[in-house]
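The values are calculated or read from the model by the stated rules, or taken from the named source; none is laboratory data. Please read all numbers here as calculations on a predicted model, not as lab measurements. Methodologically, a virtual Cβ is constructed for each residue, glycine included, from the backbone with ideal geometry; neighbour enumeration extends over all protein chains shown. Ligands, DNA and RNA are stripped out before the accessible areas are found, and what is left, the full protein with its side chains, is counted by its heavy atoms. Shrake-Rupley method; radii C 1.70, N 1.55, O 1.52, S 1.80 Å.
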Amino acid sequence: MMRIPPSAGKPLPPRKDGPDKKQPESFLGAPWQILIQVLVALLLVWLWQESLQRATVTTIPYSTFLDKLAKKEILECTITPDEILGKMAVPGTAKPGERAKPAPKTALFRTVRVEDPNLVAELQSAGTVYASVRPSLLSQLIFSWILPIGIFFLIWVGLSRWMTRGTGYSLLNIGKSRARLVAEEGTGVTFADVAGCEEAKVELQEVVDFLRSPGRYRALGAKIPKGVLLIGPPGTGKTLLARAVAGEAHVPFFSLSGSEFVEMFVGVGASRVRDLFAQAKGRAPCIIFIDEIDAIGRQRGMRIAMGHDEQEQTLNQLLVEMDGFDPNEGIILLAATNRPDILDRALLRPGRFDRHVVVDLPDAQGREAILAVHARGKPLAPTVNLSEIAHATSGFSGADLANVMNEAALLAARRKAQQIEQSDLLEALEKVVAGPERRSLRLAEAEKRRVAYHEVGHALVAAFTPGADPVRKVSIIPRGRGALGYTLQLPPAQQYLMTRTQLLAKIRCAMGGRAAEEVVYGEVSTGAENDLEVATTLARQMVCLYGMSESVGLAHLIPSRPGMPEMPGVNGRVEYSGETARLVDQEVRRLLETAYREAKAILQEERPTLEAVTAELLRKETLDAAEFFAFLPDSAKKSLTTPP
Ligand code: ADP
Ligand code: MG
Ligand code: ZN
């Protein structure tokens, strides 16, 4: 039997353990980078070996292999689980067992194994040298598990980098909190920056005291509320107050918006909550602020949109975390919402957000204080009377007032003035209410005339209607989106209630524009759409919500309008009969028609004044209160409450 020198033709079993398993020279730092380098090196070596083998080794079909075996042309072979590798004689040169004088010509071969129970018998009978190789456990592990996983990992990393280019996030960081979660050290905001919500500040002062000296509270065994919910309309300063609490107490401020929790990946919100609390615990005493908590805190089982599983999980995690720390650990949760009615009850129960602080729209005094806060650092002329502005801005939020103050400064800058004048503030006020002037919008003379009659119609009806808000300004300078002219009426003082007379007056004033068009032209235009919308809404509210219609009575009827806040138990269902609905519609129509008739009557009566004021308005484009009142008879002036 011929022995084949081990170094000669014997095809090396694939050197799966590879020669390069040493650690690569350059360390790139992170262990996984080293791992990747090793894997890449292995892959290259393996590919190289494979291709080398393929170049020198002939692949033959199994049937040929059997043929050659029968002809005793197979000199030796190695059997692996799926291949047979070996050396065969090239026909006509050498036969096993018979020493040919010239050096026998041999070739390397490989064949894919076929399930063949007789293989061993045939090998035996052919007298071939054969052996079997079992791939080592390690190489099996590397090739069937680590390598594919490594390759996929690389592809995934590359893909995720590519997909998230520019966004700053990576798929690798899913569930990790974002950069914003880095606590703000001292927000720099203090209670002095927040005005017009004194009660809220008093309530929050306790939280500040606790954060400053938790020991004092602990010593007395006093429990501080874990969660404080700030409730109020948008722009009233809830976010600002939360930051002020952190600023006053000099503690880190973790801020996160409810909508940031709600992501497209299920479970991410929950892990983000976990992360948030884990970080906060390391930094106590501190404040966690969840803005717009209604985004996650909606009542469970009451959601319409998709993704509620996610919200539910996030909310549950929040509840778990809130229960999971001791009140005296020094973490205070603040949250803000403008829709407390839709929050899950579990969030509001004692031990969670049980302290509620209402941050309401500011009253006149509060508005003045807010204006003063935002006037800081802005040079005001001596003419400026913030109290007048405060009185003229009922219903404005702190954010609106900040906006007015800033617009005034911009207007003054545009005038190249050194100081902000009262006129800048009034102009800014109009801009915020009605949008910026659009002098470039040129109206044809005829249309301009119609707009003027329309606006004066509003103003005159207001002047002759007891209980209507006094007219501050009439203008036919186009403003904002689609307003061709406007009449500015402002209540003389802060009002919390509206009487029936005042509501009816509002409806009548809204009708004034269209009435004037009909009185003057005998034909109406499309210009009154917004007025009709306002009037209809008011009339419907009077009938359905305020019990101000005799024939419908005192019932509180919730109209099933989309966009109404969901209310437990009602939720858009009409809770009254079709008969009542008909009655409501009748009443609304009656109110509107009466108001329109009255408005028309006033304008017919005052036709000469209507003409005179309109002519003046066409000349000047804007009339202020004094200019307008100059046209009115003394009887009408007396019924007016001149604004402060
Ligand atoms: P919210 O969170 O209630 O919607 P913000 O706190 O975000 O309102 O207020 C927006 C901006 O309006 C603030 O940055 C601030 O400039 C101004 N602002 C609102 N309320 C007040 C207030 N009470 N005092 C001073 N500024 C206020
Ligand atoms: Mg806010
Ligand atoms: Zn109008």
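Given a 1.4 angstrom probe, what's the average accessible area per residue across region 180-358, in square angstrom?
41 Å²
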Please list, or write none, the aspartates and glutamates whose alpha carbon is within less than 12 Å of the alpha carbon of Lys71, excluding same-chain residues fewer than 8 places away.
-> Glu122
Starting from the Cα of Ser423, step 7 Å toward the Cβ, then list every residue of region 454-498 with an amide N under 18 Å from that point.
-> 473-477
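Ignoring any ligand, DNA or RNA, what whole percent of the accessible area of region 364-433 comes from carbon and sulfur when the probe is 1.4 angstrom?
Carbon plus sulfur share of accessible area: 51 percent.
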Quick one: length gained pulling Leu443 to Ile151 fully straight, 0.36 nm per residue minus the C-alpha distance?
-> 98.3 nm
Alpha carbon convex hull of region 351-441, projected area averaged over orientations, nm² | 8.0 nm²
Give me the distance in nm between label points sitting 7 Å out from Cα along the Cα-to-Cβ direction at Thr499 and Ile34, one decimal.
-> 8.6 nm
Enumerate by residue number the GluC sites (Glu not before Pro) in region 436-543 meeting two conditions: DSSP loop (anything except H, G, I, E, B), and at most 16 other Cβ atoms within 10 Å of the site's Cβ.
-> Glu523
With a 1.4 Å probe and every protein chain kept in, tell me what percent of the accessible surface of region 445-638 is carbon plus sulfur.
-> 53 percent
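Step through the table entries Lys201/Lys431; Lys448/Lys620; Lys201/Lys506; Lys223/Lys281; Lys226/Lys281; Lys238/Lys506, compare each Cα-Cα distance with 24 Å, and write down the pairs that go over it.
Lys201/Lys431; Lys201/Lys506; Lys238/Lys506
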Cβ-derived FRET efficiency at R0 60 Å, His556 paired with Ala278, nearest 0.05 | 0.80
Taking the alpha-carbon centre of each part, the distance from region 351-419 to region 237-262 in Å is 22 Å
Work from the charge dipole of region 180-358 (Cβ charges, +1 for Lys and Arg, -1 for Asp and Glu, about the Cα centre) and give the residue of Leu220, Leu343, Ile288 farthest towards its positive end.
-> Leu220
